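See structure below.
Every number in this text was worked out from the coordinates using simple rules, so none of it is lab data. The structure displayed is predicted, hence computed values, not measured ones. Please note: Cβ atoms are built from the backbone with ideal geometry, for glycine as well, and neighbour counts cover all protein chains shown.
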Amino acid sequence: MDFDHELLTPHFARWEFSLSDTAVRRDIPNAPSAQQWESLKLLSEMCLEPARVVLGPIRITSGFRCPALNTIVGGAPSSQHMKGEAADIIPMLGKLQDLFVWLNHNADFDQLIWEFGKWIHVSHTMIGTQRHGVLLAYRKNGKTVYAPITEDQLKTL
């Protein structure tokens, strides 16, 4: 088995975290370092794999991003994607809300962000304590705003 097809966990392969259509189109090498792979493995073990086992297949729409790719896609300058600590995900079966609520109540995450009602950003940091920040991302005057999300809001996503 080649390196990209190695499994980090029973249901998540390396290629799922580094594949980027934008990187391919722009000829940007998007290859995590050994340390970033360790972070991606921990994210998989602590957040993604447990959700996959309970809720079914999950698609990673954005995983690791090298700095050049992160800039092109408009990522935050300190994005956890560049450290291998974050993934944007959608469920292949079921509802986005169900995945978000499950992660909120069951995963040991650093940040969990409901991104515009289209995908979920989940992160897990290797260093320090997980912040368990649960946020809602929306647009206001052309800018992305992040606000804490309440249990009541979770019911109406």
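General observations
- Between PHE3 and LEU93, the modelled label-to-label distance comes to 3.4 nm, taking each label 7 Å out from Cα in the direction of the beta carbon.
- Secondary-structure-derived ellipticity at 222 nm for the chain, considering helices only, amounts to -7500 deg cm²/dmol, per-run term -39500 (n - 2.57) for DSSP H runs with n ≥ 4.
- Once the C-beta distance of ASP21 and THR150 is scaled by a Förster radius of 30 Å, the resulting FRET efficiency is 0.30 to the nearest 0.05.
- Sparsely packed trypsin sites (Lys or Arg not before Pro) within region 34-97, loop by DSSP, other Cβ within 10 Å at most 12: LYS95
- Using equal-weight Cα scatterers in the Debye expression, the normalised intensity of the chain in log10 at q = 0.08, 0.17, 0.19 Å⁻¹ is -0.21, -1.00, -1.25.
- At full extension, HIS132 and ILE72 could sit 18.8 nm farther apart than now, given 0.36 nm per residue minus the alpha carbon distance.
- Amide H partners (placed H, <5 Å) of SER62, local residues excluded: ASP88
- For region 39-108, the percent of C-alpha pairs falling in each 10 Å distance bin, counted from 0 to the bin holding the largest distance, reads 20, 48, 28, 4.
- Sorted peptide list for 106-117, 137-148, criterion being average Cβ within 10 angstrom, highest first: 106-117, 137-148
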